[in-house]
Amino acid sequence: MAKERACARFVRLIEAGDYFDAHEALEAVWFPQRHTKAPEVRLQRGLINGAVALELAKRGRLEPAKRVWRVYLRRRALLEEVKSAALPCYHKADRLLRDLAKKALGA
């Protein structure tokens with residue numbers, strides 16, 4: 001349940017343009033598991049990277065934002081491997097991040 005709540009909060013914060021806080025919300029569930037190789041943990045890290053890329057773009061740091069965004073794009077393929085109750089939320093977060101990145105990064 002913690003993953004679903006963290007993801008829902010992540011989405012709400014992204015929608016509000018609070019990319020740094022969104023990254024913090026998801027990092028709370030990712031961090032304790034960060035050393036595992038589980039696809040869901042790696043996907044969470046990718047979503048965090050997506051939020052970081054948007055925050056960097058918001059701060060006018062476009063080149064670093066684009067580099068971090070490329071990391072997100074590599075990790076988003078994990079959506080196909082993850083088996084989790086949080087998967088619908090991860091998909092929603094992915095769509096939202098990609099829509100925002102089109103505007104912010106031209107991605």
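Quick one: in segment 55-70, which of the residues that are surrounded by 15 or more Cβ atoms within 10 Å (Cβ to Cβ) and free of Cβ contacts under 8 Å to residues at least 40 places away in the same chain is nearest to Asp18 (Cα to Cα)?
It comes out as Glu55.
As an exercise: evaluate Lys83 against (1) buried (at least 17 other Cβ atoms within 10 Å of the Cβ); (2) modelled with pLDDT under 95; (3) of a type outside the set (Gly, Ala, Ser) and give the number of the one condition it does not meet.
(1)
Within segment 13-28, which residues are in a helix (DSSP H, G or I), at pLDDT 95 or above and over 12 Å from the mean Cα position of the chain (by Cα)?
Glu15
If you take the residues of segment 84-106 that are outside any helix (DSSP H, G or I) and touching a residue at least 12 places away in the same chain (Cβ under 8 Å), which of them is nearest to Ile48 (Cα to Cα)?
Ala86
Restricting attention to segment 29-46, and to residues there that are among the aliphatic types (A, V, I, L, M) and touching a residue at least 24 places away in the same chain (Cβ under 8 Å), which single residue is surrounded by the most Cβ atoms within 10 Å (Cβ to Cβ)?
Only one residue fits best here, namely Leu43.
Give the number of residues within segment 1-19 that are surrounded by 14 or more Cβ atoms within 10 Å (Cβ to Cβ) and not β-branched (Val, Ile, Thr).
Residues that pass the stated criteria total 11.
Of the conditions (1) at pLDDT 95 or above; (2) on the phi < 0 side of the Ramachandran plot, Glu4 clears all except one; give me its number.
Evaluating Glu4 over (1) at pLDDT 95 or above; (2) on the phi < 0 side of the Ramachandran plot leaves (1) as the failure.
Would you check if Val52 is of a type in the set (Val, Ile, Thr), without any contact (Cβ under 8 Å) to a residue 40 or more places away in the chain, farther than 19 Å from Ala8 by Cβ and buried (at least 16 other Cβ atoms within 10 Å of the Cβ)?
yes
Let me confirm something: among Ala57, Ala8, which residue is in a helix (DSSP H, G or I), closer than 19 Å to Leu79 by Cα and not charged (D, E, K, R)?
Ala8
Go through (1) at pLDDT below 95; (2) part of a helix (DSSP H, G or I) one by one and return the number of the condition Thr36 breaks.
Failing condition for Thr36: (2).
The values are calculated or read from the model by the stated rules, or taken from the named source; none is laboratory data. Because the structure is a prediction, the values reported are computed rather than measured. Cβ atoms come from the backbone with ideal geometry, glycine included; neighbour counts cover every protein chain shown.
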